[in-house]
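Okay, so here's the structure we're looking at.
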Amino acid sequence: MFLIYNNAYLMLKIDILTIFPGMFEGPFTESLIGRASQKEIFKICIIDIRSFSRNKHKKVDGRPFGGGVGMVIRPEPLYYAIRSVVVMGGGNSYKGDSIYRKSHVVYMSPQGKTLNNEIVKDLTKFKHLVVICGHYEGIDERIMNYVDEEISIGDYVLTGGEIPAMVLTDAVVRMLPGVVKEKDSIKNDSFYNGLLDYPHYTRPAVFKGHKVPEVLMSGNHKKIDEWCVREAYRRTKERRPDLLKK
Ligand code: SAM
(Lines give C-alpha, C1' and ligand atoms only; values in the text may rest on other atoms or scores of the structure.)
Protein backbone atom coordinates (compact mmCIF):
# COMPACT_ATOMS: atom_id res chain seq x y z
CA MET A 1 0.00 0.00 0.00
CA PHE A 2 1.31 3.47 -0.74
CA LEU A 3 -0.11 6.75 0.27
CA ILE A 4 -0.44 10.21 -1.15
CA TYR A 5 -0.94 11.99 2.12
CA ASN A 6 -1.55 15.65 2.76
CA ASN A 7 -3.44 16.49 5.84
CA ALA A 8 -3.89 19.99 7.25
CA TYR A 9 -7.12 20.77 5.41
CA LEU A 10 -8.39 17.56 3.90
CA MET A 11 -11.44 18.00 1.68
CA LEU A 12 -11.59 14.42 0.47
CA LYS A 13 -10.09 11.05 1.18
CA ILE A 14 -10.23 8.38 -1.52
CA ASP A 15 -9.48 4.77 -0.66
CA ILE A 16 -8.97 2.58 -3.71
CA LEU A 17 -9.30 -1.18 -3.22
CA THR A 18 -7.37 -3.20 -5.78
CA ILE A 19 -5.49 -6.44 -6.33
CA PHE A 20 -2.88 -4.53 -8.40
CA PRO A 21 -1.70 -1.64 -6.18
CA GLY A 22 1.47 -1.14 -8.25
CA MET A 23 -0.61 0.09 -11.19
CA PHE A 24 -1.31 3.38 -9.41
CA GLU A 25 2.25 4.44 -8.73
CA GLY A 26 3.01 6.26 -11.99
CA PRO A 27 -0.34 7.94 -12.61
CA PHE A 28 -0.76 9.12 -9.03
CA THR A 29 2.75 10.34 -8.39
CA GLU A 30 3.27 12.14 -11.71
CA SER A 31 1.20 14.85 -13.43
CA LEU A 32 -1.52 16.96 -11.90
CA ILE A 33 -2.51 14.52 -9.16
CA GLY A 34 1.09 14.10 -8.04
CA ARG A 35 1.66 17.86 -7.88
CA ALA A 36 -1.70 18.53 -6.29
CA SER A 37 -0.96 15.92 -3.65
CA GLN A 38 1.57 18.39 -2.16
CA LYS A 39 -1.21 20.86 -1.51
CA GLU A 40 -2.84 19.28 1.55
CA ILE A 41 -6.30 19.15 -0.02
CA PHE A 42 -6.94 15.44 -0.51
CA LYS A 43 -5.52 12.07 0.38
CA ILE A 44 -5.45 8.91 -1.74
CA CYS A 45 -4.79 5.49 -0.20
CA ILE A 46 -4.25 2.39 -2.27
CA ILE A 47 -5.41 -0.69 -0.40
CA ASP A 48 -4.28 -4.16 -1.48
CA ILE A 49 -7.30 -6.48 -1.30
CA ARG A 50 -4.91 -9.46 -1.11
CA SER A 51 -3.72 -8.36 2.31
CA PHE A 52 -7.22 -9.24 3.59
CA SER A 53 -7.08 -12.78 2.20
CA ARG A 54 -6.84 -15.52 4.81
CA ASN A 55 -5.51 -17.89 2.16
CA LYS A 56 -1.83 -18.68 2.72
CA HIS A 57 -1.07 -17.85 -0.92
CA LYS A 58 -3.08 -14.60 -0.64
CA LYS A 59 -5.49 -15.90 -3.30
CA VAL A 60 -8.53 -13.68 -3.76
CA ASP A 61 -10.38 -15.34 -6.65
CA GLY A 62 -12.61 -18.37 -6.91
CA ARG A 63 -14.36 -20.41 -9.59
CA PRO A 64 -17.92 -19.29 -10.34
CA PHE A 65 -20.81 -21.28 -8.91
CA GLY A 66 -22.81 -22.80 -11.76
CA GLY A 67 -19.72 -23.16 -13.93
CA GLY A 68 -18.69 -20.87 -16.71
CA VAL A 69 -15.38 -19.41 -17.74
CA GLY A 70 -13.23 -17.02 -15.73
CA MET A 71 -12.75 -16.39 -12.04
CA VAL A 72 -14.60 -14.15 -9.60
CA ILE A 73 -13.18 -12.04 -6.75
CA ARG A 74 -14.28 -13.71 -3.52
CA PRO A 75 -16.48 -11.78 -1.11
CA GLU A 76 -14.50 -12.21 2.15
CA PRO A 77 -11.25 -10.35 1.37
CA LEU A 78 -13.16 -7.57 -0.38
CA TYR A 79 -15.63 -7.27 2.51
CA TYR A 80 -12.82 -6.98 5.07
CA ALA A 81 -10.99 -4.48 2.85
CA ILE A 82 -14.15 -2.33 2.71
CA ARG A 83 -14.70 -2.64 6.45
CA SER A 84 -11.10 -1.61 7.11
CA VAL A 85 -11.65 1.81 5.55
CA VAL A 86 -15.32 2.82 5.95
CA VAL A 87 -15.87 5.70 8.32
CA MET A 88 -18.66 5.05 10.82
CA GLY A 89 -21.04 7.56 12.38
CA GLY A 90 -23.82 9.52 10.61
CA GLY A 91 -24.23 9.69 6.86
CA ASN A 92 -25.67 6.94 4.70
CA SER A 93 -27.03 3.70 6.01
CA TYR A 94 -24.60 0.87 5.55
CA LYS A 95 -26.94 -1.43 3.68
CA GLY A 96 -25.45 -4.79 4.43
CA ASP A 97 -24.76 -4.40 8.14
CA SER A 98 -27.43 -1.88 9.14
CA ILE A 99 -24.89 0.31 10.84
CA TYR A 100 -24.20 3.91 9.85
CA ARG A 101 -21.27 5.40 8.07
CA LYS A 102 -20.03 8.52 6.31
CA SER A 103 -18.25 6.79 3.43
CA HIS A 104 -19.58 6.50 -0.12
CA VAL A 105 -18.67 3.17 -1.73
CA VAL A 106 -18.31 3.03 -5.52
CA TYR A 107 -17.75 -0.10 -7.60
CA MET A 108 -16.12 0.57 -10.99
CA SER A 109 -18.20 -1.56 -13.35
CA PRO A 110 -19.14 -1.57 -17.05
CA GLN A 111 -22.72 -2.12 -15.84
CA GLY A 112 -22.88 1.12 -13.83
CA LYS A 113 -24.03 4.63 -14.68
CA THR A 114 -21.74 6.15 -17.30
CA LEU A 115 -19.42 8.71 -15.72
CA ASN A 116 -20.09 12.32 -16.67
CA ASN A 117 -19.38 15.76 -15.27
CA GLU A 118 -22.54 15.80 -13.12
CA ILE A 119 -21.57 12.54 -11.42
CA VAL A 120 -18.03 13.89 -10.90
CA LYS A 121 -19.41 17.08 -9.29
CA ASP A 122 -21.69 15.01 -7.03
CA LEU A 123 -18.78 12.86 -5.91
CA THR A 124 -16.82 15.94 -4.78
CA LYS A 125 -19.54 16.50 -2.14
CA PHE A 126 -18.45 13.43 -0.19
CA LYS A 127 -15.65 13.58 2.38
CA HIS A 128 -14.72 9.94 1.86
CA LEU A 129 -14.92 7.78 -1.26
CA VAL A 130 -14.14 4.07 -1.32
CA VAL A 131 -13.51 2.87 -4.87
CA ILE A 132 -13.53 -0.87 -5.65
CA CYS A 133 -11.64 -2.18 -8.68
CA GLY A 134 -12.89 -5.51 -9.97
CA HIS A 135 -10.94 -8.04 -12.05
CA TYR A 136 -11.51 -11.34 -13.88
CA GLU A 137 -15.28 -11.80 -14.37
CA GLY A 138 -15.91 -9.22 -11.66
CA ILE A 139 -16.67 -9.40 -7.94
CA ASP A 140 -19.02 -11.69 -6.00
CA GLU A 141 -22.50 -10.16 -6.37
CA ARG A 142 -23.11 -10.21 -2.60
CA ILE A 143 -20.61 -7.36 -2.22
CA MET A 144 -23.28 -5.15 -3.85
CA ASN A 145 -24.89 -5.07 -0.38
CA TYR A 146 -22.06 -2.74 0.62
CA VAL A 147 -21.87 -0.67 -2.57
CA ASP A 148 -23.73 2.66 -2.95
CA GLU A 149 -23.12 3.24 -6.62
CA GLU A 150 -21.76 1.43 -9.71
CA ILE A 151 -19.93 3.67 -12.16
CA SER A 152 -18.77 2.84 -15.68
CA ILE A 153 -16.32 4.84 -17.79
CA GLY A 154 -17.98 3.80 -21.04
CA ASP A 155 -19.64 1.03 -23.00
CA TYR A 156 -16.64 -1.24 -23.41
CA VAL A 157 -14.99 -3.79 -21.14
CA LEU A 158 -11.49 -3.39 -19.68
CA THR A 159 -9.52 -6.12 -17.95
CA GLY A 160 -9.77 -4.43 -14.56
CA GLY A 161 -11.21 -1.54 -12.60
CA GLU A 162 -7.83 0.16 -11.98
CA ILE A 163 -7.82 2.40 -15.06
CA PRO A 164 -11.49 3.36 -14.50
CA ALA A 165 -10.63 4.17 -10.84
CA MET A 166 -7.77 6.39 -12.04
CA VAL A 167 -10.09 8.16 -14.47
CA LEU A 168 -12.67 8.74 -11.74
CA THR A 169 -10.08 9.90 -9.18
CA ASP A 170 -8.39 12.28 -11.62
CA ALA A 171 -11.73 13.84 -12.62
CA VAL A 172 -12.93 14.21 -9.02
CA VAL A 173 -9.67 15.51 -7.55
CA ARG A 174 -9.27 18.00 -10.41
CA MET A 175 -12.57 19.56 -9.42
CA LEU A 176 -11.61 20.19 -5.79
CA PRO A 177 -10.96 23.87 -5.07
CA GLY A 178 -7.23 24.62 -5.11
CA VAL A 179 -6.11 21.62 -7.17
CA VAL A 180 -6.07 23.35 -10.55
CA LYS A 181 -4.15 26.63 -10.26
CA GLU A 182 -6.48 28.85 -12.30
CA LYS A 183 -9.92 28.10 -10.89
CA ASP A 184 -11.62 29.70 -13.91
CA SER A 185 -10.02 27.14 -16.19
CA ILE A 186 -12.29 24.44 -14.70
CA LYS A 187 -15.36 26.60 -15.25
CA ASN A 188 -14.48 27.02 -18.92
CA ASP A 189 -13.77 23.34 -19.40
CA SER A 190 -15.98 21.23 -21.62
CA PHE A 191 -19.20 20.07 -19.92
CA TYR A 192 -18.86 22.30 -16.83
CA ASN A 193 -21.61 24.64 -18.02
CA GLY A 194 -23.13 22.28 -20.55
CA LEU A 195 -20.91 23.47 -23.42
CA LEU A 196 -17.66 22.32 -25.01
CA ASP A 197 -14.59 24.48 -24.43
CA TYR A 198 -13.60 27.12 -27.02
CA PRO A 199 -10.39 26.58 -29.11
CA HIS A 200 -7.03 27.61 -27.66
CA TYR A 201 -3.93 29.06 -29.33
CA THR A 202 -0.40 29.89 -28.21
CA ARG A 203 2.76 31.31 -29.85
CA PRO A 204 3.73 31.67 -32.67
CA ALA A 205 1.00 33.92 -34.07
CA VAL A 206 1.46 32.27 -37.50
CA PHE A 207 2.24 28.55 -37.78
CA LYS A 208 2.81 27.04 -41.24
CA GLY A 209 0.67 29.82 -42.70
CA HIS A 210 -2.17 29.27 -40.20
CA LYS A 211 -2.99 32.43 -38.25
CA VAL A 212 -4.35 32.88 -34.74
CA PRO A 213 -7.78 34.62 -34.85
CA GLU A 214 -7.10 38.36 -34.82
CA VAL A 215 -9.47 39.15 -31.97
CA LEU A 216 -7.30 37.12 -29.56
CA MET A 217 -4.39 39.48 -30.20
CA SER A 218 -6.48 42.68 -30.03
CA GLY A 219 -6.12 43.18 -26.28
CA ASN A 220 -9.88 43.98 -26.16
CA HIS A 221 -11.04 41.72 -23.32
CA LYS A 222 -14.74 42.29 -23.86
CA LYS A 223 -14.43 41.22 -27.48
CA ILE A 224 -12.24 38.26 -26.54
CA ASP A 225 -14.80 37.09 -23.97
CA GLU A 226 -17.58 37.36 -26.55
CA TRP A 227 -15.49 35.38 -29.06
CA CYS A 228 -14.88 32.64 -26.49
CA VAL A 229 -18.60 32.26 -25.72
CA ARG A 230 -19.50 32.30 -29.43
CA GLU A 231 -16.87 29.67 -30.25
CA ALA A 232 -17.97 27.46 -27.35
CA TYR A 233 -21.55 27.53 -28.68
CA ARG A 234 -20.42 26.98 -32.27
CA ARG A 235 -18.31 23.96 -31.33
CA THR A 236 -21.01 22.47 -29.15
CA LYS A 237 -23.62 22.87 -31.90
CA GLU A 238 -21.25 21.30 -34.43
CA ARG A 239 -19.88 18.42 -32.34
CA ARG A 240 -22.34 17.76 -29.53
CA PRO A 241 -25.77 19.19 -30.36
CA ASP A 242 -27.22 16.83 -27.74
CA LEU A 243 -25.63 19.02 -25.03
CA LEU A 244 -27.51 22.10 -26.24
CA LYS A 245 -30.81 20.22 -26.10
CA LYS A 246 -30.17 19.52 -22.41
N1 SAM B 1 -17.94 -9.71 -16.74
C2 SAM B 1 -18.06 -8.30 -16.53
C3 SAM B 1 -19.20 -7.76 -17.38
O4 SAM B 1 -19.31 -8.17 -18.53
O5 SAM B 1 -19.94 -6.87 -16.92
C6 SAM B 1 -16.79 -7.57 -16.91
C7 SAM B 1 -15.66 -7.82 -15.97
S8 SAM B 1 -14.22 -6.88 -16.39
C9 SAM B 1 -13.33 -8.02 -17.37
C10 SAM B 1 -13.30 -6.85 -14.90
C11 SAM B 1 -13.44 -5.57 -14.09
O12 SAM B 1 -13.00 -4.47 -14.85
C13 SAM B 1 -14.83 -5.19 -13.64
O14 SAM B 1 -15.17 -5.88 -12.46
C15 SAM B 1 -14.71 -3.71 -13.43
O16 SAM B 1 -14.23 -3.40 -12.14
C17 SAM B 1 -13.68 -3.30 -14.46
N18 SAM B 1 -14.21 -2.67 -15.67
C19 SAM B 1 -14.17 -3.17 -16.92
N20 SAM B 1 -14.74 -2.34 -17.80
C21 SAM B 1 -15.13 -1.26 -17.13
C22 SAM B 1 -15.78 -0.04 -17.48
N23 SAM B 1 -16.15 0.20 -18.73
N24 SAM B 1 -16.04 0.86 -16.51
C25 SAM B 1 -15.69 0.61 -15.23
N26 SAM B 1 -15.08 -0.52 -14.82
C27 SAM B 1 -14.81 -1.45 -15.74
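For the chain, the share of DSSP beta bridges that are antiparallel, to the nearest 5, is 30%. Between residue 25 and residue 239, the distance separating the two model label sites (each 7 Å from Cα on the Cα→Cβ line) works out to 3.6 nm. Per-residue extension of 0.36 nm, minus the Cα-Cα distance of residue 180 and residue 144, leaves a gain of 9.6 nm for this segment. Need one word for the chain: rounded, prolate or oblate. Basis is the Cα gyration tensor (sqrt eigenvalues a ≥ b ≥ c); a/c below 1.5 gives rounded, then a/b vs b/c decides. Prolate. Spin-label pair residue 188-residue 39: with each label point 7 Å from Cα along the Cα-Cβ axis, the two points sit 1.7 nm from one another. Look at the Cα gyration tensor of the range 172-246: its axes a ≥ b ≥ c give a/c of at least 1.5 with a/b at or below b/c, and that counts as oblate. When a 1.4 Å probe is rolled over the protein heavy atoms, the share of accessible surface on the range 188-245 that falls to carbon and sulfur comes to 53 percent. In a fully extended conformation the segment linking residue 127 and residue 229 would gain 33.3 nm over its present Cα-Cα distance, using 0.36 nm per residue. Restricting the range 24-71 to GluC sites (Glu not before Pro) that sit in a DSSP loop and have at most 16 other Cβ atoms within 10 Å of their own Cβ leaves 30, 40. Within the range 141-246, the GluC sites (Glu not before Pro) that combine a DSSP coil assignment with at most 16 other C-beta atoms in a 10 angstrom radius are 182. Pairs from the table (43/127; 113/246; 43/102) all lie within 20 angstrom of each other at Cα. Only protein atoms count toward the accessible area here, which uses a 1.4 Å probe; on the range 3-174, the carbon and sulfur part of that area reaches 53 percent.
Give me the 1.4 Å probe accessible area per residue for the chain, excluding ligands and nucleic acids, in Å².
Result: 59 Å² per residue.
The values are calculated or read from the model by the stated rules, or taken from the named source; none is laboratory data. None of the values given here were measured: they were computed from a predicted structure. Neighbour counts run over all protein chains shown; Cβ positions are idealised from the backbone, glycine included. Surface accessibility is based on the protein's heavy atoms, side chains included, excluding ligands, DNA and RNA. Shrake-Rupley method; radii C 1.70, N 1.55, O 1.52, S 1.80 Å.
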